[in-house]
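This report refers to the structure that appears directly beneath it.
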Amino acid sequence: MVSSSSFWYPLAQKHIQEGTGYFANERTDKNRRHGGIGICGYFCMILISVLLLGGKKGAWAGGIGAALADLLGGYMQWVLPTFLIKAVMALIMGYVIDKWHHSLNWLAGAVLGGIFQIIGYTAVKIFYYGFATAMVMTPGLLVQTAFGLVLTSIFVGVLGTTGILKKVKEM
């Protein structure tokens, strides 16, 4: 039996080595940038902006902020997809937070927003790089999103216990 990793990895390596993705020259730039704090930090800051500003304003702040980071970082081909993915992700988070009245509503919103982010970026990567390469990159998005949830949980815990979230919301 062939494992999934032994099937997908050679296909992705072929695309990377031959440059057969849609944007062949930029085939690994976004992946390299997301190797660090990139998506984890964006995810965390977007969720905190939704908690502080609400869904709609948080969507604008998160979408514009993440898109500007791509623009200033030299990833022009990612500006529009990032804006749309991050804005919709924030709207999903805000909707769940507003509609589900539970102490962990922010976590449910973050998980659903994170799932949308993974699906959205994978869809764009299929278009840019091809199916096999996008599938190989998807586990990295899963890990980064999970790390972003952990980081956000720490921040929300600290901001909640110090009362900063409540004070800022009242402003």
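The values are calculated or read from the model by the stated rules, or taken from the named source; none is laboratory data. Everything numeric here is computed off the predicted structure, so don't read it as measured data. Backbone-built Cβ (ideal geometry, glycine too); neighbour counts: all protein chains shown. Ligands, DNA and RNA are stripped out before the accessible areas are found, and what is left, the full protein with its side chains, is counted by its heavy atoms. Shrake-Rupley method; radii C 1.70, N 1.55, O 1.52, S 1.80 Å.
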Do we find a residue being of a type outside the set (G, A, S), more than 21 Å from K56 (Cα to Cα), within 15 Å of the chain's Cα centre (by Cα) and buried (at least 18 other Cβ atoms within 10 Å of the Cβ) anywhere in segment 130-141?
-> yes
Please work out which residue is surrounded by the fewest Cβ atoms within 10 Å (Cβ to Cβ), limiting yourself to segment 112-121 and to residues that are in contact with a helix residue (DSSP H, G or I) (Cβ under 7 Å, 6 or more places away or on another chain) and of a type in the set (A, V, I, L, M).
-> L112
Which of the residues that make up segment 74-111 are touching a residue at least 24 places away in the same chain (Cβ under 8 Å), within 20 Å of G54 (Cα to Cα) and open to solvent by less than 40 Å² (accessible area, probe 1.4 Å)?
-> I85, K86, A87, M89, A90, M93, G94, I97, W106, G109, A110
Return the only residue of C40, C44 being among the hydrophobic types (A, V, I, L, M, F, W, C), modelled with pLDDT under 85 and under 22 Å from T133 (Cα atoms).
-> C40
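Within segment 132-145, can you find the residues that are free of Cβ contacts under 8 Å to residues at least 60 places away in the same chain and touching a helix residue (DSSP H, G or I) at 6+ places or on another chain (Cβ under 8 Å)? Can you show your working first?
Our first condition is that a residue be free of Cβ contacts under 8 Å to residues at least 60 places away in the same chain; within segment 132-145, this holds for 134, 138-139, 142-143.
Of everything in segment 132-145, those that are free of Cβ contacts under 8 Å to residues at least 60 places away in the same chain and touching a helix residue (DSSP H, G or I) at 6+ places or on another chain (Cβ under 8 Å) turn out to be A134, T138, L142.
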